[in-house]
Amino acid sequence: MSMIRRVVIDPGHGGADPGAISADGKIKEKNITLSVSLKLGEMIKKRYPHIDVIYTRKTDVFIPLDKRSEIANSNKADLFISIHVNAVGTRSASGSETFVMGVDKTSSNLQVTMLENSVVLMEGDDYATRYEGFDPNNPESYIIFSLLQNAHLEQSLEMASLIQKHFSNGPIKVNRGIKQAPLLVLWKTGMPSVLVELGFISNPIDMKALINVANHDKFASLIFNAFIEYKLRYEKDYQTSSKEKNAIPEAPKDTTLKDTTL
């Protein structure tokens, strides 16, 4: 643990990869995630000028999943926040949820996980080599992959919990909770990492909230409030740990019996 000095914000999808698309084909996930991400970064920078805010993309460009984690690792980030918008076949699914890297115990998140990981198919024919034989379309790949655990799981879960807590005050109030899933973008990040799904573009009510630009400020603000709280807890733990390490132990009392008959 250390003080938080660098945060990497990852706007999901981009460029040739639109991400989730609305039923009418007009609204694309990549634009919503970029808007919210840039606003979040501005909030962090304004409140904490000493913190470096790094984006995996600041424009409408395609960035491979492994490159995103590489950006975070090469910059020695203290926190990685990936922002996404959800979509499933049924229009009834609604709400926000936050993922961390881990085992999907229920398999109920397989559809979302496969959708997010399918981006690798756009990364060229060598994707299987770069992702150690992982096939996003083969459920058997997830059995092995899901056994991997993020070394920073405890901190990741804490950040995820705070995000979901603050989202209860947001434009989309349905709270789908915290999920663990084998997501490639979180796989090799060497720091606490979360993937936030703001809402479902496939749900008419959620979509209305997602396309409202004023709500992009609200989404960013809610994640920012979670970050403030996380930072306070994280650095308090660090300071307590440092004090304990630097504490000078008391000299042991001399319990030897002394001869007082001299």
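Each value in this text was obtained by applying a stated rule to the coordinates, not by laboratory testing. Only a predicted model underlies this, so the values are computations on that prediction, with no experimental measurement involved. Glycine gets a Cβ as well: all are built from the backbone with ideal geometry, and neighbour counts include every protein chain shown.
Comparing 11, 22, 44 along the charge dipole axis of region 1-57, the residue lying farthest to the positive side is 44, per the Cβ-charge model. Using the structure shown, list the pairs from 30/179; 28/231; 173/231; 45/218; 28/179 with a Cα-Cα distance above 27 Å, or answer none. Distance filter (> 27 Å) returns 28/231.
Once the Cβ-Cβ distance of residue 211 and residue 47 is raised to the sixth power relative to R0 = 30 Å, the FRET efficiency obtained is 0.65.
Peptides 50-61, 186-197, 151-162 ranked from most to least packed give 186-197, 151-162, 50-61, packing being the mean of other C-beta atoms within 10 angstrom over each peptide's residues.
Sorted on the mean count of surrounding Cβ atoms within 10 Å across their residues, most packed first, peptides 5-11, 229-235, 200-206, 81-87 read 81-87, 5-11, 200-206, 229-235.
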